[in-house]
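Novice: Shown below is the structure under consideration.
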Amino acid sequence: MKIFPFLFFFFQYLSLSEFLSLQNPSMKLQAFELPLGKPQTRRKTPKFAPLVALTVLLTIPLYYPSIKESQRKLSDAWHSYKSLEDSVTTNIDLDPPSKENNQDCSPEVDTPRRNPIEGGAAVEPTITKRDVMDVEATLKFNEDESEAKNLPEENQITKETSKFNEDESDTKNLPGENQETNPLPPPSSAKGNMAAHREKMGRKRLDKGRKKKSRRSTPKYLTPPKISEDKSKRLSSNNNNDRSMVRSEVLDYENCDLFSGEWVPNPEGPYYTNMTCNAIQEHQNCMRFGRPDEGFLKWKWKPDGCELPIFDPDQFLELVRGKSIAFVGDSVVRNHMQSLICLLTRVVYPVDLSDATDQNKRYEYIDYNFNMSMFWSPYLVKTEKTNPNDVTRPFKLFLDEFDEQWTSKIQGFDYVIISAGHWFFRPTYFYLNRRLVGCLYCPEDNVSHLTSYFSYRQAFRTAFQAINDANNPKGVTFLRTFAPSHFEGGPWDKGGDCARTRPFKRNETVLEDYSLEMYMIQLEELRIAQKAGRRNGLKIRLFDATKPMLLRPDGHPSKYGHWPVPNVTLISDCVHWCLPGPIDSWNDFLQELMKREIQNNR
């Protein structure tokens, strides 16, 4: 019968052995040794406690006298256990905390673990599945960040995109102009900043690291790409000298800089009305649609070092007698041509030789043997529609191929005004040598996701090459630089508007973010084209409209490009310009630039 006390000690010995084996650090993987991707499961404590308790309850009534006899053996076993526990504790605490650091070594307080990412032994023996997954998510996020930082600046790749949102209701509500001609940037339903996107995805992985990584859908449209804070500072401060240097090189005139100045009152304006000119499109006819203020019509541009004469239609028609002008680009370029037609209506109306269904336009002034044409080419290079019957679908841009709709016809023109900009923020596919090299806002994961700056630079480089290849020494090409939009209070599809009624003063705003980047790309590509053109006697000039138009947030149609519709919110137009309006001054510039060219040729 005395076998029961021995069973009691035997079970107690098994329990203590199992407990010690769990405390032995050699039997646990340290945090930095865990096999990432295969979280370790925690070992469960043996269920010997109920059996031991049952043994004690059965042996105490029957063998009470034998308990005292067993106390000595139990005491010896307890001392053996304590000595073994001390040796294990010594092995775990290899680097005990210093008293100088005022760290509490009391056994009642849990010792904090070291960060497993930083290395070092973990002093807390229990590692949960959550800990392992947090380590995995953190390491994966850091790996993605390091890969992204090593990519070229113009080749930042978005690795997580999904299919486009098929809902086109927002873009179909654009005021007054069909989808093919509207250059408004796509809606801002997601951030364009790739760094912010990666940071957000990193937080998502850390918060939900216990789940398998899933793809995050990217809305169909994004706003113009956001410049990083560091790059914005470089462009705005350090690059001021570089910008001035590049601009001075491409300005290419010894006379006064026409494009540095400010807007001053002009009580004599405007020089035509929406009633005297039939070339104004509906979405630019601000006075017709009830704009209440007319102050935006009473300003003119004043250069710092000279005077810029107001456009004189008689003088202009004499300058262009027997000549021709081509406008190449998007709807803002057409906006410029319409302003010129309206200013000339004070003297003569043109004959419209255009096909009503064609985006390309041609007008002739028979009495002056003068004609002007507009070539619709919002990307300046060869393009194809991904869906021939749907102009809202992304375009394919063949960035190294000429758009022969205009490149094959400009050789005979005396003056060419070229510009483009806002269309480059739309979803597009990029081709070089007929091979797909990237895209902007496309759904494919296996295509490099590049920025609009990549396509913008390549397109202007190809366009200038076409102009140089045309080899027309008698002609003059003007690059009219990017005209910024003026959405305030939100993006254009989120309530943004341009409700100001006065120009900015020169110190009230600065060129920044994507507008500055686009402008710099134009200047840099113009400098390259000018150097190539000089070898063949070709003339490519700067028509710097960016700074003057940056100061005119008051000149856009806003909500006055259409009649209001009850219970319907229509998008404000802060890209195009009212006619009459601020861009009438573009023809003040054009007339003066032509006069300078004629004087230089004498």
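The values are calculated or read from the model by the stated rules, or taken from the named source; none is laboratory data. What you are looking at is a predicted structure, and each value in this text was computed from that prediction instead of being measured. Here the Cβ positions follow ideal geometry from the backbone for every residue, glycine too, while neighbour counts run over all protein chains shown. Accessible surface is based on the protein model in full, side chains and every heavy atom, while ligands, DNA and RNA are left aside. Shrake-Rupley method; radii C 1.70, N 1.55, O 1.52, S 1.80 Å.
Novice: By accessible area of protein heavy atoms, probe 1.4 Å, what ranking do T462, T501 get, highest first? List each step's numbers first, then the result.
Specialist: Working: T462 10, T501 70 Å².
Listed by decreasing accessible area, they come as T501, T462.
Novice: What is the extension gain from M245 to T569, computed as 0.36 nm multiplied by their sequence separation minus the C-alpha to C-alpha distance, in nm to one decimal?
Specialist: Working: separation 324, 0.36 × 324 = 116.64 nm, distance 4.53 nm.
Extra length available between M245 and T569 comes to 112.1 nm.
Novice: Can you send over the solvent-accessible area of T569, 1.4 Å probe, protein chains only, in Å² to the nearest 10?
Specialist: Solvent-accessible area, nearest 10 Å²: 120 Å².
Novice: Please turn the phi angles of segment 273-283 into ³J(HN,Hα) values with the Karplus equation 6.51 cos²θ - 1.76 cosθ + 1.60 (θ = phi - 60°), one per residue in order, whole Hz, x for glycine and proline.
Specialist: Result, ordered by residue: 10, 5, 8, 9, 10, 9, 8, 7, 6, 3, 6 Hz.
Novice: Can you compute log10 of I(q)/I(0) for segment 362-406 with the Debye formula, treating each Cα as one identical point scatterer, at q = 0.21 Å⁻¹?
Specialist: -0.74
Novice: Something else about it: Determine how many Å³ per residue the convex hull of the Cα atoms of segment 250-392 encloses. Let's see the in-between values first.
Specialist: Working: hull volume 25.1 nm³, N = 143.
Output value, Cα hull per residue: 175 Å³.
Novice: Report, in cubic angstrom per residue, the convex hull volume of the C-alpha atoms of segment 497-602. Intermediate results must be reported in sequence, preceding the final value.
Specialist: Values: hull volume 15.4 nm³, N = 106.
Each residue corresponds to 145 Å³ of Cα convex hull volume.
Novice: Cα atoms only: what Rg and Dmax, in Å, come out for segment 384-522?
Specialist: Radius of gyration, then largest Cα-Cα span, for segment 384-522: 17.7, 48 Å.
Novice: Right, something else. Compute the convex hull volume of the Cα atoms of segment 486-537, divide it by the residue count, and report the result per residue in Å³ as a whole number. Intermediate results must be reported in sequence, preceding the final value.
Specialist: Working: hull volume 7.1 nm³, N = 52.
For segment 486-537, the hull spanned by Cα atoms encloses 137 Å³ per residue.
Novice: Could you state how much accessible area S331 has, in square angstrom rounded to the nearest 10, with a 1.4 Å probe and all protein chains kept in place?
Specialist: Counting only protein heavy atoms, S331 exposes about 0 Å² to solvent.
Novice: Starting at 0 and stepping by 5 Å, how many percent of the alpha carbon pairs of segment 296-380 end up in each bin?
Specialist: Pair shares across the bins are 3, 13, 20, 23, 17, 14, 8, 2, 0, 0.
Novice: R0 = 41 Å: FRET efficiency of I528 with T273, Cβ-based, nearest 0.05? Walk me through the numbers on the way to the answer.
Specialist: Details: r = 43 Å, r/R0 = 1.04.
According to the calculation, E is roughly 0.45.
Novice: Hey, got a sec? Which GluC sites (Glu not before Pro) in segment 509-557 land in a DSSP loop and have at most 16 other Cβ atoms within 10 Å? Show your work: numbers first, answer last.
Specialist: Values: sites: E512, E517, E524, E525; in loops: E512.
Those satisfying the criteria are E512.
Novice: At 0.692 mPa s and 37 °C, plugging the Kirkwood radius over alpha-carbon pairs of segment 536-576 into Stokes-Einstein gives what diffusion coefficient in µm²/s?
Specialist: Values: Rh = 13.4 Å.
Estimated diffusion coefficient is 245 µm²/s.
Novice: Between E384 and E488, what is the FRET efficiency for a Förster distance of 30 Å, r being their Cβ-Cβ separation, to the nearest 0.05? Mind showing how you got there, number by number?
Specialist: Values: r = 36 Å, r/R0 = 1.20.
Calculated transfer efficiency: 0.25.
Novice: Now for a different question. Give me the distance in nm between label points sitting 7 Å out from Cα along the Cα-to-Cβ direction at Q281 and N369, one decimal.
Specialist: The answer from the label model is 3.3 nm.
Novice: While we're here: Ranked by accessible surface with a 1.4 Å probe, highest first, in what order do Y415, Y514 come? Provide the component values of the computation, followed by the final result.
Specialist: Numbers: Y415 15, Y514 40 Å².
Highest to lowest solvent-accessible surface, that is Y514, Y415.
Novice: Roughly how much of D355 is accessible, in Å² to the nearest 10, using a 1.4 Å probe?
Specialist: Counting only protein heavy atoms, the figure is 90 Å².
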